[in-house]
Amino acid sequence: MIEIDGSHGEGGGQILRTSVSLSSVLGEPVRMRDIRAGRSRPGLAPQHVTSIEAVGELCGADTDGVFPGSKEITFRPGQLVGGEFEFDVGTAGSVSLVMQSCLLPAVLSKAGVRITLRGGTDVRWAPPIDYMRLAHIPILSMFGPSCYIELASRGFYPEGGGEVLVDISPEGGLRPIKLLSQGKVVSMRGIACAQNLPEHVVTRMKHSALKTMAGTYDVRIESDIRSGPSTGAGIVLAATCENTILAESALGAKGVRSEALGEHCAEALLETVRSGATIDEHMTDQVLPYMALAKPGSVVVTEELTSHAETNIWLIEQFLGKKFSVETIGTLKRISTA
C-alpha cells in the first residue's frame, strides 16, 4: 500500500484527487494522512468526499475514512469497467474538480463512461466549466480519448444547483503529446455568462474583452444568459493555436465591475500567448497525470512551475517512480517524460 502525506507541498485537495485517480488506474491501494492539514478547515470538504466516492464507484473501490472533516483515508481500488454514474456534491463545491478526479480512470476504463455531476459549475479556486469545455477536454483529446461535456444548468456559490453531463470514450490507452511550440493563433473564442443578472452584465464583459484584444486577433465571444437557482457571472477566453489551446478565466464577485472581468481575462490570455508557452499555468498540473500514464515522449512548455504542478510531480512519482524532466528554457519551463 502506498502511503501519502497529504500535507506535502501545496497540501490541498489536489493531492487527494490525484492519489485516488492514480490508485484506481494502477490498481494500487493508497492511504493518505494529514489531509489538508494546513488549511483553515483541515480534512475532507464535501467536494473531496464526492471526488473519492465518484472515483470509488468507477472502480468498485473499498474505502475507509471518507466523510466530511476526515484527515485520513484508505482507498482500495477494484476494476475499471465503465458504465453510467451520477454524483451530487450537495453544495456549490466544484463539479470541475470532481470531473478531473473521474476523467483519468474514465479514459482508461474498459468501456465508455457517462457521468452526471451536480454542484457548482463556476466557483472560486476551481476551473470554470467553460474552461473544461474549451481547454481541458480538447487537450485531453490529444492523448486519444474522446470526451464531451453538456452543460445542463449553471451553479454559482453559495447555492450551487449546476448540472453537467460528461461522455467519455476510452481508446485503450494514452498516446504521448509533444507541444513544443504554439504555432500560429488560429482563432480566439470565448463564453461570457450570467445567471439571474441583467443582460448588460454580459454585454459589458464582452465589449471590454473585445476592446482589450482589438487589433490582435479575430475574437468571437458567445453570450450565455440564464435564470436558475444561483446568481453569478464570469468569462472564459481561449486561443486555439496550430499546435495547442490556451485559456484564461475570470469570475464575477461583489463590487467587481463587469468591464474589469473582461479586461483582466483578455489581458491574461494575451500575456500567456505572448510568453510562448504551449499550456497555460492552470493546465500544467492538470495535464501531468495524463503525461505520466501515456507512452514515453510527452513534452509541454509552461510559463512557470506552480506549487500545484510541483506537488503533482512529487505525488505522481510516489506512485510511478521518476517520470518527469524539467528544464529551464529562457523564461519558460519544459516538462517532458522519458
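Values quoted throughout were computed directly from the atomic coordinates according to the rules given, and no laboratory measurement underlies them. None of these values were measured; they are calculated from a predicted model. Cβ atoms come from the backbone with ideal geometry, glycine included; neighbour counts cover every protein chain shown.
When the chain is fully extended, how far beyond the present Cα-Cα distance does Thr306 get from Lys211, taking 0.36 nm per residue of separation? Fully extending the segment from Thr306 to Lys211 adds 31.2 nm.
Is region 124-174 best put as rounded, prolate or oblate by its Cα gyration tensor, with a ≥ b ≥ c the root eigenvalues, rounded for a/c under 1.5, and otherwise prolate when a/b is larger than b/c, oblate when not? Prolate, because a/c is 1.5 or more and a/b exceeds b/c. The Cα center of region 246-263 and the Cα center of region 189-243 differ in position by 9 Å. Cβ crowding within 10 Å ranks Val236, Val185, Val95, Val20 as Val185, Val236, Val20, Val95, fewest other Cβ atoms first.
Taking every alpha-carbon pair under 8 Å whose residues sit at least 6 apart, the chain reaches a relative contact order of 14 percent. Within region 148-267, all pairs of alpha-carbon atoms sorted by distance into 5 Å bins from zero give the percentages 2, 11, 18, 18, 17, 14, 11, 7, 3, 0. When only the Cβ of Lys, Arg, Asp and Glu is charged (+1, +1, -1, -1), the dipole of region 185-275 relative to its Cα centre reaches about 220 debye. Note on Lys206: lysines with a C-alpha under 22 Å away, same-chain residues under 8 apart excluded, are Lys254. Ranked for footprinting exposure by Cβ neighbours inside 10 Å, fewest first, Ser208, Ser146, Ser19 give Ser146, Ser208, Ser19. For GluC sites (Glu not before Pro), the sites in region 43-95 that DSSP calls loop and that have at most 15 other Cβ atoms within 10 Å are Glu72. Extension gain for Thr203 to Phe67 (0.36 nm times residue separation, less C-alpha to C-alpha distance): 44.7 nm. First obtain the Kirkwood hydrodynamic radius of region 185-243 from its Cα pairs, then insert it into the Stokes-Einstein equation at 20 °C and 1.002 mPa s, and state the resulting D in µm² per second as a whole number. Answer, rounded: 177 µm²/s. Each Lys and Arg adds +1 at its Cβ and each Asp and Glu adds -1 at its Cβ; summed about the Cα centre, region 238-331 shows a dipole of about 340 debye. Dividing the Cα radius of gyration of the chain by 2.2 N^0.38 Å, with N the residue count, gives 0.96.
Assuming 0.36 nm per residue, please report the length gained on full extension of the stretch Arg257 to Arg33 beyond their Cα-Cα distance.
76.4 nm
Comparing Cα centroids, region 316-337 and region 22-45 end up 23 angstrom apart.
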